[in-house]
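Peer 1: Quick one: this structure, given as structure tokens, is what I'll be asking you about.
The values are calculated or read from the model by the stated rules, or taken from the named source; none is laboratory data. Given the structure is predicted, the values throughout are model-derived calculations rather than measurements. Using ideal geometry, Cβ is built from the backbone for each residue, glycine included, and neighbour counts are taken over all protein chains shown.
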Amino acid sequence: MKKRTPISTIMSTDLITLNHNDDLVTAEKLFKENHIRHIPVVNGDRVIGMLSYTDLLRISFADAINEDEKKVDIVVYNMFTIEQVMVKNLISVSSTTIIKEVAEILSKKEFHALPVIDDGKLKGIVTTTDLINYLIAQF
């Protein structure tokens, strides 16, 4: 296993982002269409938060009632903004951060994705799944 491998070798760079003005219905659609679980939230060029699919599930009541799930989710989603639901005060890494350091951060925190930011610009996202796939490839 290479000990000094930068995160840029395993991070996702084909990014899907949400604008802070987007709604949660749009967010759910992006999660489902792209089979992803984390989306950086931007205001212009600046990353201001991270929304996870778990964040949406946390505010959804669809599983608790016997009505049309889609209608209930839309009603609930329209009660909140992305900025109210997203995680703020993000920890980020640069593309030169080594994989071991990223693994240490993710192992100690309660989140599963980090934005990769160079010179104030979003360059990628790295998730626990990226780390697991990297480890699998080592064997």
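Peer 1: Based on what the data block shows, is residue 132 more than 17 Å from residue 11 (Cβ to Cβ) and part of a helix (DSSP H, G or I)? Reasoning before the result, please.
Peer 2: Numbers: more than 17 Å from residue 11 (Cβ to Cβ): no; part of a helix (DSSP H, G or I): yes.
Considered against the rule, which asks whether it is more than 17 Å from residue 11 (Cβ to Cβ) and part of a helix (DSSP H, G or I), residue 132 comes out as no.
Peer 1: May I ask you to list the residues in region 86-100 that are of a type outside the set (Gly, Ala, Ser) and in contact (Cβ under 8 Å) with a residue 12 or more places away in the chain?
Peer 2: Of everything in region 86-100, those that are of a type outside the set (Gly, Ala, Ser) and in contact (Cβ under 8 Å) with a residue 12 or more places away in the chain turn out to be 86, 87, 88, 90, 91, 93, 96, 97, 98, 99, 100.
Table: residues versus (1) farther than 16 Å from residue 29 by Cα; (2) at pLDDT below 95.
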position	(1), (2)
64	yes, yes
68	yes, yes
71	no, yes
92	yes, no
95	yes, no
120	yes, yes
126	yes, no
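Peer 1: Of all residues being more than 20 Å from residue 92 (Cβ to Cβ) and surrounded by 13 or more Cβ atoms within 10 Å (Cβ to Cβ) in region 1-24, which is modelled with the highest pLDDT? Just the residue, please.
Peer 2: 22
Peer 1: Being at pLDDT 95 or above and part of a helix (DSSP H, G or I) is the filter; apply it to region 32-52 and report the residue that is surrounded by the fewest Cβ atoms within 10 Å (Cβ to Cβ).
Peer 2: 33
Peer 1: Just to be sure I understand the filter: pairs with C-beta atoms under 6 Å, separated by 6 or more residues or on different chains, first member in region 1-29 and touching a residue at least 24 places away in the same chain (Cβ under 8 Å) and over 18 Å from residue 49 (Cβ atoms), second member exposed (fewer than 15 other Cβ atoms within 10 Å of the Cβ) and polar (S, T, N, Q). Which pairs pass?
Peer 2: 1/138; 6/96
Peer 1: If you don't mind, another one. Keeping to region 102-119, report how many residues are exposed (fewer than 12 other Cβ atoms within 10 Å of the Cβ) and either without any contact (Cβ under 8 Å) to a residue 12 or more places away in the chain or small (Gly, Ala, Ser) (or both).
Peer 2: At the first step, the residues of region 102-119 found to be exposed (fewer than 12 other Cβ atoms within 10 Å of the Cβ) are 104, 107-110, 119.
Cutting the leftovers down to either without any contact (Cβ under 8 Å) to a residue 12 or more places away in the chain or small (Gly, Ala, Ser) (or both) gives us 104, 107-108, 110, 119.
The total comes to 5.
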